[in-house]
Amino acid sequence: EKTTCSYSCSNTFFRSGERHGNWNKNAYRSTCFLYHEKKCIICNEDKIVTVHHYNENHNDNRPENLVPLCPTHHQYVHSKYSNLVIDKINEYVNNFTKNIIQWMPL
């Protein structure tokens, strides 16, 4: 049985997220941009975006642990300038986590 009705339909159906042929659930960038907009949460840069592991555990690829940042602000987090961005990052993660818990099935 066919999954889609046409080539056009299959292109739409199979091109994103877990249905994409190159999808890798262990790839933290894929996970991040499935759940978060691909832009820095500090400055809205959307051309070059990195992913910060909020709890610093690179094996923890849960969406609530992944924060999209531009390379500059990602570097701030790992430097003596972290105080310039950490409040905004904490607020973002807290809001994201609150929203996920709100929509989780019981």
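Where a number appears in this text, it was derived from the coordinates with a stated rule and is not lab data. Everything numeric in this text was worked out from a predicted model, so none of it was measured. Don't worry about glycine lacking a Cβ; one is built from the backbone with ideal geometry, like all the others, and counts go over all protein chains shown.
Can you report the principal axis dimensions of region 27-82 using only the alpha carbons, biggest first, rounded to whole angstrom?
Computed over the Cα atoms, the extents are 26, 24, 14 Å.
Starting from the amide H of residue 52, placed 1.01 Å from N in the peptide plane, find each other amide H under 5 Å away whose residue is 5 or more places distant or on another chain.
Distant-sequence amide H within range of residue 52: 67, 69.
Output wanted: per-residue J couplings in Hz (rounded whole) for region 80-90, from phi through Karplus 6.51 cos²θ - 1.76 cosθ + 1.60, θ = phi - 60°, x for Gly and Pro.
These are the phi-based 3J(HN,Hα) values: 5, 9, 4, 4, 7, 10, 5, 5, 5, 5, 4 Hz.
In this model, which of 38/88; 39/98; 47/88; 39/88 are farther than 23 Å apart at the alpha-carbon? Don't jump to the answer; show the numbers that get you there.
On the way: 38/88 17 Å; 39/98 20 Å; 47/88 20 Å; 39/88 14 Å.
Over 23 Å apart, Cα to Cα: no pair at all.
Counting Lys and Arg as +1 and Asp and Glu as -1, what is the net charge of the other residues whose Cβ lies under 14 Å from the Cβ of residue 100? All intermediate terms of the calculation are to be shown ahead of the outcome.
Numbers: positive: 62, 98; negative: 64.
Cβ neighbours under 14 Å give a net charge of +1.
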